[in-house]
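Worksheet for the structure shown next.
The values are calculated or read from the model by the stated rules, or taken from the named source; none is laboratory data. Quick caveat, the model's predicted, so the values are computed rather than measured. Cβ placement follows ideal geometry from the backbone for every residue including glycine, while neighbour counts extend to all protein chains displayed. Just so you know, the surface numbers come from the protein's heavy atoms only, side chains and all, with ligands and any DNA or RNA stripped out. Shrake-Rupley method; radii C 1.70, N 1.55, O 1.52, S 1.80 Å.
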Amino acid sequence: MKVLILGAGGQLGRELCKAVPKHVDLVATHSGEVNIVDAAQLAKKIADENPAVVINAAAYTQVDKAEAESAQAWAVNNIGVRNLIATTAATTRLIHISTDFVFDGAATLPYLPAAPVSPLSVYGCSKQAGEQELLKNAANRSCIVRTAWLYSALGKNFVNTMLALMASKDEIKVVDDQRGTPTSVASLAAVVWRLVERPDLRGVYHWTDGGETSWYGFACEIQRLGLQYGLLQRVIPMLPIATAQYPTAARRPSYSVLDITATCEALQISPAAWQLELAKVLKNR
């Protein structure tokens, strides 16, 4: 089975390439090679490779920057998805990565895949528009996988930012009134490959690691494990603050825990606690 990955240079794309099953004939492309906004370029790659499955890990993900660069965010996250649908055959399966930012955070219980969406930011709106393209024009051959708070040992993410700050600052302040679930890209990649193996599955699925916390709780665990594994040499005070004390260009959902029950049942899997997944990543960093 030939699988084409778009966005293979990102943190998820790299992990998907690392975890590829042996029987998969993998074609991995990054944005410098195939830009999904360029329909002609994308069409040529699709025609040359004729993949059975395309995993779309390409996205504009700079949440705050998107407020000022809305055209770029919409081009990648919406027009790029439209191009993908138009340039792939009716038999080509599409697996598309989306986000918890399609929700407004007003809920008090984990969001089901069918819950109404109401994004607060340009990034969230552009990702939701991409989802709608798939649901409207390729619902019979696509899976949308929403995830949240992604991190890995490499690249720009909350874990690496916190470790750098903890090593260089005398104290840090971290938002404590936004709740979600940290998710290792290794965990997400494993689920995506399971979905590749299940051509009968379509629609919207949620995946995160198990449990929930705040950004402050996440940071506290990063410090604890960083000290345990020798990534940090000293304890620094960490102060919980409200969102209002840390203004950002983009509004973020205050609660974006995703209900992953349907995914667990469909794939017959159980999530590991987010703390255990974080420990695995930091131990092997």
Hey, among Asp100, Asp64, which residue is buried (at least 19 other Cβ atoms within 10 Å of the Cβ), closer than 22 Å to Phe158 by Cα and acidic (Asp, Glu)?
Asp100
Quick one: in the range 1-15, which of the residues that are outside any loop (DSSP other than H, G, I, E, B) and over 11 Å from Val54 (Cα atoms) is most open to solvent (accessible area, probe 1.4 Å)?
Arg14
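Give the residue, chosen from Ile241, Ile260, that is farther than 29 Å from Ala68 by Cα and open to solvent by less than 40 Å² (accessible area, probe 1.4 Å).
Step by step, each of Ile241, Ile260 is checked, and only Ile260 is farther than 29 Å from Ala68 by Cα and open to solvent by less than 40 Å² (accessible area, probe 1.4 Å).
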Read through the list (1) farther than 30 Å from Thr248 by Cβ; (2) open to solvent by 50 Å² or more (accessible area, probe 1.4 Å); (3) over 21 Å from the mean Cα position of the chain (by Cα), then give the number of the only condition that Lys18 fails.
(3)
Determine whether Lys127 is within 24 Å of Pro199 (Cα to Cα), part of a loop (DSSP other than H, G, I, E, B) and among the basic types (Lys, Arg).
no
Within the range 140-190, restricting to residues that are more than 29 Å from Pro116 (Cα to Cα) and among the charged types (D, E, K, R), the one that is most open to solvent (accessible area, probe 1.4 Å) is Lys156
Members of the range 131-158 found to be within 25 Å of Ser254 (Cα to Cα), touching a residue at least 60 places away in the same chain (Cβ under 8 Å) and either outside any loop (DSSP other than H, G, I, E, B) or of a type in the set (D, E, K, R) (or both), listed by number:
Glu131, Ile144, Val145, Arg146, Thr147, Leu150, Tyr151, Phe158
For Arg82, which of the numbered conditions (1) under 23 Å from Val196 (Cα atoms); (2) at pLDDT 95 or above; (3) more than 16 Å from the chain's Cα centre (by Cα); (4) in a loop (DSSP other than H, G, I, E, B) fails to hold?
(4)
